[in-house]
Structure formats: C-alpha cells, structure tokens
Amino acid sequence: MLSFFKKKSPFVGQVGSTPCQLHQKKTILDSLLEQGLDVPYSCQVGACQKCLVKVVHGQARSLIDLSHCLTPSQIAQGYVLACQAVPQSDVHLDFLHKLDGATDSLSARIENIEPMNEYISRVTLSSGCAVQVGQSVTLTIPGTTDGRSYSVVNVSPGRLAVDVARRESGIYSQWLCDSAHIHQELNISAAFGKFGASLNELSAEADRCVAVAGGSGLGVVLGVLEGRLREYPMASVLLMHAVRYSSHRYDGSRLEAMKKKYSAFDYRVAVSREPSPSSAMVAERVPAMLHEMFQAKEGDRLKGTEHFLMCGSQSLVNACLEVLKTHAVKSHQWEIESFGNN
C-alpha cells in the first residue's frame, strides 16, 4: 500500500551533451533551472517562445494547445515550449535558441516615456541592438537578474520603442513607466522572434487580414500592419482593438490617418465594460464580434478564408481562437502572440 504513495523517480534528460534529471510533475524548464542549467528562457508563460525546444528522443506532453502558438511544421518536428511541457519518458532535448553571452550584454538607455493612455506608456530606448518591428527584446532593469520580454512597436536609427502596460504589482512596468528613469541605463538582449512574419507570405491578392489587438498589444499590431500596407496599399485589413473602457483606447489619430491613407483599411474599438461608447467604438467583446461576423449573411462578414493576426492577453487570444476553430478556420491561417503581466 505504501508503494502507491512512493515518490516517482525523475526521468533522465539530456540537453545537448549535458545530462540532467527531469521531474515528472514539473515543467521541463523548471527542472532544468533548479539544476542550474543555463538554457534560454524569458517570460515563462509560453508567449516569448525563447524556450522552444525539440524533443529529439523520448516523449514530452504539452500543457497547452501547441496549435495556438507553433506552426504545423514545428509541431511535426517535435518542438514544445519547455515552460509549458512535462516529460513523459527519458528525453534528449535540443533548444532552438542558443545562448550567446555576447548578445546578452547589450546596453540601452531610456530616451523618452510617452503616456498613451491612463496606464500604457510608449518607452523609447537608444541602443545598438539590431531589431525590426514585431520582434521581441528582453529588458533587464538595474537590481534584477530575471528580464522581461517586450514586443518592439517602432524602430528608427539607433532607437526602438516598446509599449508598456503599467501594473500595480509589476516591478518592471512601474520602473519602465517612471519618468524619473529617463536617461537611465538597462540591459537589452538581442532581438528574437518575429510577430507578423506570416504577413510576408501573403500576396497582394490575398484575402483580408483581420487583426485583433488587446490593450497594449495595439502598438506592435499597428506596426506590422503598417508594414504590409506600405508594401500593398490596397490590401484589405480590419483591425479590432479590445479595451475595457473607452479611456483605454490610444493611437486614435494614427488609426484615423491610416484609414484616410489606405482605402481598404478599417478599424473598430471593442469596449467590454461600458454600455454606450461613441464614435468608432462598439460595446461588445471581440470574440462575440468575430462570431457575429462569421454568422452574418451580408455586409461586413467573415468567410473563413481570411488571415488572422492576434496579440493580447492569453485569455483574449484563446477566446478568439475558439471562435476561429468553431468556424473551421485552419491553424495556418492565424498567427498569435500572447503576454502576461510585467
């Protein structure tokens, strides 16, 4: 009887040529970090994909639906996210992103902090980091060792900008949004990932792109959409910005300018906690709006052939994905990026 409660022995793991132990009830990443292994990771919620790892031999079980964040090709090759997977046997692992001490020691300086609304600020950094809009960087503020990942919303020579949503319990967001820290230095990683890369595969004649941005996700979504519209000015694009209150909307003048410049671009602001918004705002949640557009028989309707781009909280992204799956949209038709609290 006592053997039933006996603690299960860990599996034997191997990262490259380094042996390790993997606990059956802990994520692969947690087990590796507990043993002091130096492996790539950042957000630990599956958003940044820095801990993307290939299971070369053995089996691992993902704790999340990988079709939400990985390509069919990556899934077929055996990739999982180390922070969201547990071992099912002895495994041999190969991390996609390799650590490079030289790339982790870049410096940056805060040049400007622009409040976009009552809780989001656009933080401009000066840095020699080579980066594109849609990529992510890990910032490490003074006095800390665990960095936070942010999506790059704008770039100019020697500068980059990130949108930061200030949280009461967020050490990083409070520090980055504090105007007292202008001209302060911090560390910045080499850029990684590329949200919006799927748009590069769409032709000028491709069906409409429907983009969903939640809260501070608007900045990076707008950035990658502007890139597509500059290349294909007649491309059909619909943007939905999900906010809780009308005061949370931002970049309104930029959106209006895009609407005037690109005839096939349109946007809506979905306000979830106010009954009577005005102007271009709709008192409805984005998932419900998507569902209604799929069911519509005429007017602005969705056919299921569109390309979907989504960036926001995990709950928003998952809710939208459930709508897409209900209406038989295939996984190759969407690209997502989700984030947690910083």
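Only the coordinates and a few stated rules stand behind these numbers; no lab work does. Predicted, not measured: the structure shown is a model, and the values here were computed from it. Reconstructed Cβ throughout: ideal geometry from the backbone, glycine too, with neighbour counts over all protein chains shown.
Only helical DSSP H runs with n ≥ 4 go in: add -39500 (n - 2.57) per run for the chain, normalise by residue count and round the 222 nm mean residue ellipticity to 500 deg cm²/dmol.
Calculated from helices alone, the mean residue ellipticity at 222 nm is -5500 deg cm²/dmol.
Apply the a/c threshold of 1.5 to the C-alpha gyration tensor of segment 197-339 and tell me whether it is rounded, prolate or oblate.
rounded
Using the charge dipole of the chain (Lys, Arg: +1 at Cβ; Asp, Glu: -1 at Cβ; taken about the Cα centre), state which of Cys20, Val224, Leu202 has its Cα farthest towards the positive end.
Result: Cys20.
What is the local net charge at Ala161, summed over the other residues whose Cβ is closer than 10 Å to its Cβ (Lys, Arg +1; Asp, Glu -1)?
Value of the local net charge: -1.
Whole-Hz Karplus ³J(HN,Hα) for segment 244-252, in order, using 6.51 cos²θ - 1.76 cosθ + 1.60 and θ = phi - 60°, x for Gly and Pro?
So the J values, rounded to whole Hz, are 7, 10, 4, 5, 8, 6, 7, 6, x.
Based on the Cβ-Cβ distance from Ile171 to Ala76, what FRET efficiency comes out when R0 is 51 Å, to the nearest 0.05?
Details: r = 39 Å, r/R0 = 0.76.
Efficiency, rounded to the nearest 0.05: 0.85.
For a distance above 14 Å, tell me the whole-number percent of Cα pairs in segment 191-234 that qualify.
Distances greater than 14 Å cover 51 percent of the Cα pairs.
Estimate the FRET efficiency between Glu201 and Asp30 by the formula 1/(1 + (r/R0)^6), using the beta-carbon distance for r and 35 Å for R0, to the nearest 0.05.
Working: r = 35 Å, r/R0 = 1.00.
Given R0 = 35 Å and the Cβ-Cβ separation, E is 0.50.
What number comes out for the charge environment of Ser42, summing +1 per Lys or Arg and -1 per Asp or Glu over other residues with Cβ under 9 Å away?
Surrounding charge for Ser42 is +1.
For the chain, give me the percentage of DSSP beta bridges that are antiparallel, rounded to the nearest 5 percent.
Around 60 percent antiparallel, to the nearest 5.
When you take every Cα atom in segment 9-95, what is the radius of gyration, and what is Dmax, the widest Cα pair distance, in Å?
Considering segment 9-95 through its Cα atoms, Rg and Dmax are 11.6, 33 Å.
Given (i) 77, 49, 44; (ii) 56, 54, 36; (iii) 66, 51, 39 as candidate values of Cα extents along the principal axes in Å, which corresponds to the one derived from the coordinates?
(iii)
Please state the shape class of segment 101-188: rounded when a/c is under 1.5, otherwise prolate if a/b exceeds b/c and oblate if not, all from the C-alpha gyration tensor.
The shape class here is oblate.
So for Ile110, Ile28, fewest C-beta neighbours within 10 Å to most, what's the order?
Ile110, Ile28
Using a simple charge model, +1 on the beta-carbon of Lys and Arg, -1 on the beta-carbon of Asp and Glu, nothing else, what dipole does segment 183-342 show about its Cα centre, in debye to the nearest 20? Kindly include the intermediate steps, with their values, before the conclusion.
Details: 18 positive and 18 negative charges, 43 e Å.
Roughly 200 debye, rounded to the nearest 20.
Could you tell me the calculated FRET efficiency between Gln88 and Lys330, based on Cβ-Cβ distance and R0 = 30 angstrom, to the nearest 0.05?
Calculated value: 0.60.
Please list 3J(HN,Hα) in residue order for segment 290-305, calculated via the Karplus relation 6.51 cos²θ - 1.76 cosθ + 1.60 where θ = phi - 60°; whole Hz, with x for glycine and proline.
Values per residue, Gly and Pro as x: 4, 4, 5, 5, 5, 7, 4, 8, 8, x, 7, 10, 9, 9, x, 9 Hz.
Taking a threshold of 25 Å on the Cα-Cα distance, which of the pairs Lys194/Lys297; Lys26/Lys50; Lys259/Lys303; Lys261/Lys325 fall above it?
Lys194/Lys297; Lys261/Lys325
Could you line up Val39, Val56, Val224 from fewest to most neighbouring Cβ atoms inside 10 Å?
Listed from fewest to most nearby Cβ atoms, that is Val56, Val39, Val224.
What nm distance separates the two modelled labels at Ala288 and Leu106, each placed 7 Å from Cα along Cα→Cβ?
About 4.3 nm, to one decimal.
What does the charge count near His68 come to, summing +1 for each Lys or Arg and -1 for each Asp or Glu among other residues with Cβ under 11 Å from its Cβ?
Working: positive: Lys325; negative: Asp65, Glu322, Glu335, Glu337.
Combined, the nearby Lys, Arg, Asp and Glu give -3.
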